[in-house]
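Below is one structure; the comments refer to it alone.
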Amino acid sequence: LCFSALPALFKEGLRDEEAEEGEAVTLRCELTKPAPVEWRKGDTVLRPSEKYKMRQKDVTAELLIQNLAESDA
């Protein structure tokens, strides 16, 4: 018996958010099933730091970006 599990897909993708320089913003996505999420900016994998906070519960993943700068666009 052989079977493969269906991959997790985005149920609700990211939406554009607006905020002022120096503020914080939270980006949120929802998956079809629980799965690890890797946040990226271009080819760069984002890691938890003073600037980036990642949180995930069940099928919802969030990225908090603090102290926004123009380069975060």
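The values are calculated or read from the model by the stated rules, or taken from the named source; none is laboratory data. Keep in mind it's a predicted model, so treat the numbers as computed, not measured. In this analysis, Cβ positions are derived from the backbone assuming ideal geometry, glycine residues included, and neighbour counts consider all displayed protein chains. Quick note on the areas: whole protein, heavy atoms, side chains included, nothing else; ligands and nucleic acids left out. Shrake-Rupley method; radii C 1.70, N 1.55, O 1.52, S 1.80 Å.
Of the residues L27, L63, L14, which exhibits the maximal mean-square fluctuation in a Gaussian network model of the chain defined by a 10 Å Cα contact cut-off? Maximum fluctuation in the GNM of the chain, among the listed residues, is at L14. Couplings 3J(HN,Hα) for the range 30-40, derived from phi with the Karplus relation 6.51 cos²θ - 1.76 cosθ + 1.60 (θ = phi - 60°), are 10, 9, 6, 7, x, 6, x, 10, 10, 8, 9 Hz, where x marks Gly and Pro.
Surface analysis of the range 9-73 yields an accessible area of 79 Å² per residue, using protein heavy atoms and a 1.4 Å probe. Backbone phi angles across the range 64-73, fed through the Karplus curve with coefficients 6.51, -1.76 and 1.60 (θ = phi - 60°), yield HN-Hα couplings of 9, 10, 9, 6, 4, 10, 4, 5, 7, 4 Hz in residue order; Gly and Pro are listed as x. Checking every one of the GluC sites (Glu not before Pro) in the range 28-72 against DSSP loop status and a limit of 15 other Cβ atoms within 10 Å picks out E38, E50.
If you keep only loop residues by DSSP, which chymotrypsin sites (Phe, Trp or Tyr not before Pro) in the chain have at most 10 other Cβ atoms within 10 Å of their Cβ? Kindly include the intermediate steps, with their values, before the conclusion.
Working: sites: F3, F10, W39, Y52; in loops: F3, W39.
Here the sparse-neighbourhood loop sites are F3.
Which net charge results when you count Lys and Arg as +1 and Asp and Glu as -1 among the other residues whose beta-carbon is under 11 Å from that of C29? Residues close to C29 contribute a combined charge of 0.
The lysines whose alpha-carbon is closer than 19 Å to the alpha-carbon of K57, local same-chain residues fewer than 8 away aside, are K11, K33.
Put simply, the amide H of W39, placed in the peptide plane, has neighbours under 5 Å in L46, leaving out anything fewer than 5 places away on its chain. Build a GNM of the chain with springs between Cα atoms under 10 Å apart, and of D43, D16, D58 the one that fluctuates most is D43.
The share of accessible area on the chain that comes from carbon and sulfur is 51 percent, using a 1.4 angstrom probe.
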